[in-house]
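What follows is a short report on a single structure.
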């Protein structure tokens, strides 16, 4: 007896696809389709509903969005901008897309831009790529969030010292620049490293880049 061919297996058993579309028929159809591929799915009628869910969600595995472009209120492109730093890959769907809209979505990092009615094979391939891509993206997002939290614990003086350190300045140079004793700068520098959870200047530079801190512009590296 011939056995039936199993459906596609997602990259991770805890992968999740979030479908955001204000058209109930389209949304429910997409949900059924994704479930038929043995991938977990959540549906949302608006960007606002998705954002409310995301704020309280405990899901930690791979995740991606299948997102309608044109929706009332917050549309797809604006939702993409809103969650740009969260590490969630996006697949756009549209019934009337244009070249500028597609270009804007792809430039902002969308995985794909598909037209309705969507080709099932194209959607499945895009979802698998997005779920795989979400793993490193979410890791980077979590690292950025952790770095921002640590950065917020710094005092204004420690922020100044950090800016000088990542510019390559020595303690003596920093002391001269900030009008402080070199011994005091050494203490501040140690606190910066401790609070930021790093052990080298190279690690501090990476952490600074994650939170958007720029090196002291007038610094002259030793």
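The values are calculated or read from the model by the stated rules, or taken from the named source; none is laboratory data. Computed from a prediction, not measured in an experiment: that's the story for all the values here. Neighbour counts are summed over all protein chains in view; Cβ atoms, including those assigned to glycine, are modelled from backbone coordinates with ideal geometry.
Looking only at the stretch 117-134, which residues are over 24 Å from residue 14 (Cα atoms) and surrounded by 15 or more Cβ atoms within 10 Å (Cβ to Cβ)? Show your work before the answer.
We begin by selecting, within the stretch 117-134, every residue over 24 Å from residue 14 (Cα atoms); these are 117-119.
The answer is 118, and nothing else.
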Among the residues of the stretch 161-180, the number that are part of a helix (DSSP H, G or I) and without any contact (Cβ under 8 Å) to a residue 24 or more places away in the chain is 6
Scan the stretch 54-91 for residues that are touching a residue at least 24 places away in the same chain (Cβ under 8 Å) and part of a helix (DSSP H, G or I) and report the count.
-> 8
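Filter the stretch 204-221 down to the residues that are in contact with a helix residue (DSSP H, G or I) (Cβ under 8 Å, 6 or more places away or on another chain) and either at pLDDT below 90 or in a loop (DSSP other than H, G, I, E, B) (or both) and list them by number. Give the steps one after another, and end with the answer.
Going through the stretch 204-221, the residues in contact with a helix residue (DSSP H, G or I) (Cβ under 8 Å, 6 or more places away or on another chain) turn out to be 204, 207-208, 210-211, 213-216, 218-220.
Result: 207, 208, 210, 211, 213, 214, 215, 216, 218, 219, 220.
Checking the conditions here, which among 100, 117, 62 is at pLDDT 85 or above, at negative phi and out of contact with any strand residue (DSSP E or B) (no Cβ under 8 Å at 6 or more places or on another chain)?
Values: 100 fails: at pLDDT 85 or above; 62 fails: out of contact with any strand residue (DSSP E or B) (no Cβ under 8 Å at 6 or more places or on another chain).
After ruling out the rest, the residue left standing is 117.
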Looking at (1) in contact with a helix residue (DSSP H, G or I) (Cβ under 8 Å, 6 or more places away or on another chain); (2) surrounded by fewer than 20 Cβ atoms within 10 Å (Cβ to Cβ); (3) more than 28 Å from residue 71 (Cβ to Cβ), can you tell me which one residue 151 breaks?
-> (2)
